[in-house]
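K.L.:
I have a structure I would like to understand better, so I am pasting it below and will then ask my questions one at a time.
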Amino acid sequence: MNYTLKNLPERTKKPRQYGFTMAMDKGLSVREVEDFISVCGDYVDIVKFGWGTTYVTPNIKEKIKIYKDAGIPTYFGGTLFEAFVIRGQFDDYRKVLDKYDMSFAEVSDGSIELDHDLKCEYVRKLTEQVTVLSEVGSKDAEKIIPPYKWIKLMQDELDAGAWKVIGEARESGNVGLFRSTGEVRSGLVEEILTKIPFEKILWEAPQKAQQVWFIKLLGANVNLGNIAPNEVIPLETIRLGLRGDTFAHFLEKQSDS
């Protein structure tokens with residue numbers, strides 16, 4: 001850090017088991033990746049290549065290597081997994097993971113109808129090859145999943161071998177965990193947390209208000225994802241109480257202790 005400030009929330013250190021920031025790369029250039037890492041490398045734990053962007057993004061192997069050399073693992077967005085599965089190309093997907101030396105993969109069913117037992121089987125198969133993040137929730141704003149079902153889906157996927165489960169929100173943050181306005185479905189989140197350990201959940205929260213809400217609920221070391229590259233530093237300041245949105249919140253916490 002550039003100077004000393006007392007009584008800041010304690011952040012977990014990399015490599016973290018929780019307190020994760022997952023950033024989304026939607027097609028950054030090689031030079032942009034280098035610039036991004038030079039500023040944000042200490043605060044990014046993992047990078048997701050959004051949906052199927054790697055199919056059309058040039059120099060993808062070079063980008064993966066730059067992230068890897070910086071100690072930042074990457075993975076393909078779950079929509080790419082779904083694109084292979086819906087076409088009967090699961091084995092081809094596994095070959096792509098090997099081709100690009102991926103150590104993580106995301107299993108999701110946000111855009112397709114997939115029997116849940118089969119989804120869990122995909123999780124089990126992929127855990128033989130990589131570390132699996134498994135996403136729960138639909139990209140269809142009209143599809144409302146009740147809390148008890150979210151809990152069951154998450155637990156089943158963790159039991160199948162998922163390292164963490166992801167709460168769906170899309171890049172825009174207006175489905176799944178959130179209403180169309182971006183407002184958090186707070187009752188849903190709080191009910192999920194009665195059964196699923198918070199460190200096992202990666203909450204997609206691309207909007208600042210969503211990040212603030214989760215940090216106020218669960219503290220500086222909540223796992224947050226779908227963070228735009230230019231929002232990683234702002235998010236870290238929210239985690240530390242160095243932005244107005246959480247400034248008083250963390251001062252109050254310190255005075256209570």
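The values are calculated or read from the model by the stated rules, or taken from the named source; none is laboratory data. These figures come from a predicted structure and were not determined experimentally. All Cβ positions, glycine included, derive from the backbone under ideal geometry; neighbour counts span all protein chains shown.
K.L.:
For region 79-120, name all the residues that are in contact (Cβ under 8 Å) with a residue 40 or more places away in the chain and in contact with a Leu (Cβ under 8 Å, 6 or more places away or on another chain).
P.N.:
Phe104, Glu106, Val107, His116
K.L.:
Let me ask another. What pairs can you find where one residue is in region 22-43 and surrounded by fewer than 19 Cβ atoms within 10 Å (Cβ to Cβ), the other is among the basic types (Lys, Arg), and their Cβ atoms are less than 7 Å apart, with a gap of 6+ or different chains?
P.N.:
If the second residue must be among the basic types (Lys, Arg), the pairs left are Val30/Lys63.
K.L.:
Further question: Could you list, in sequence order, all residues of region 126-141 that are modelled with pLDDT under 95 and out of contact with any Asp or Glu (no Cβ under 6 Å at 6 or more places or on another chain)?
P.N.:
Selection gives Val136, Ser138, Lys139, Asp140, Ala141.
K.L.:
Right, here's the next one. Take the residues in region 142-170 that are assigned to a loop (DSSP other than H, G, I, E, B) and charged (D, E, K, R); name whichever of them is modelled with the highest pLDDT.
P.N.:
Glu168
K.L.:
While we're looking at this one, here's another question. Which of the residues spanning region 239-250 are touching a residue at least 12 places away in the same chain (Cβ under 8 Å) and either surrounded by fewer than 19 Cβ atoms within 10 Å (Cβ to Cβ) or over 17 Å from the mean Cα position of the chain (by Cα) (or both)?
P.N.:
Once the filter is applied, which keeps residues that are touching a residue at least 12 places away in the same chain (Cβ under 8 Å) and either surrounded by fewer than 19 Cβ atoms within 10 Å (Cβ to Cβ) or over 17 Å from the mean Cα position of the chain (by Cα) (or both), region 239-250 yields Leu240, Gly241, Leu242, Asp245, Thr246, His249, Phe250.
K.L.:
Within region 57-65, is there a residue that is polar (S, T, N, Q) and more than 30 Å from Asp156 (Cβ to Cβ)?
P.N.:
So far as region 57-65 goes, yes, one or more of its residues are polar (S, T, N, Q) and more than 30 Å from Asp156 (Cβ to Cβ).
K.L.:
Do we find that Leu28 is part of a loop (DSSP other than H, G, I, E, B) and more than 14 Å from Thr74 (Cα to Cα) in this structure?
P.N.:
So Leu28 fails the test.
K.L.:
Now a separate question. I'm trying to understand the selection: among the residues of region 145-164, which are aliphatic (A, V, I, L, M) and under 23 Å from Thr131 (Cβ atoms)?
P.N.:
Ile151, Leu153, Met154, Leu158, Ala160, Ala162
Condition check ((1) out of contact with any Gly (no Cβ under 9 Å at 6 or more places or on another chain); (2) modelled with pLDDT of 95 or more) across all residues:
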residue: Gln211; (1), (2): yes, yes
residue: Lys216; (1), (2): yes, yes
residue: Asn223; (1), (2): no, yes
residue: Asn230; (1), (2): yes, yes
residue: Leu235; (1), (2): yes, yes
residue: Arg239; (1), (2): no, yes
residue: Arg243; (1), (2): yes, yes
residue: Leu251; (1), (2): no, no
residue: Asp256; (1), (2): yes, no
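K.L.:
Do you know which residues across region 206-257 are among the acidic types (Asp, Glu) and out of contact with any Lys or Arg (no Cβ under 9 Å at 6 or more places or on another chain)?
P.N.:
Glu252, Asp256
K.L.:
It is to be established whether one or more residues within region 44-61 are touching a strand residue (DSSP E or B) at 6+ places or on another chain (Cβ under 6 Å), under 26 Å from Leu217 (Cα atoms), surrounded by 14 or more Cβ atoms within 10 Å (Cβ to Cβ) and small (Gly, Ala, Ser).
P.N.:
No, because not a single residue in region 44-61 is touching a strand residue (DSSP E or B) at 6+ places or on another chain (Cβ under 6 Å), under 26 Å from Leu217 (Cα atoms), surrounded by 14 or more Cβ atoms within 10 Å (Cβ to Cβ) and small (Gly, Ala, Ser).
K.L.:
Check whether at least one residue in region 127-140 is part of a helix (DSSP H, G or I) and not acidic (Asp, Glu), and report yes or no.
P.N.:
There is at least one residue in region 127-140 that is part of a helix (DSSP H, G or I) and not acidic (Asp, Glu).
K.L.:
Shifting gears a bit: Suppose we filter Glu106, Glu113, Glu82 for residues that are under 18 Å from Ile166 (Cα atoms) and part of a helix (DSSP H, G or I); which single one remains?
P.N.:
From the options Glu106, Glu113, Glu82, the qualifying one is Glu82.
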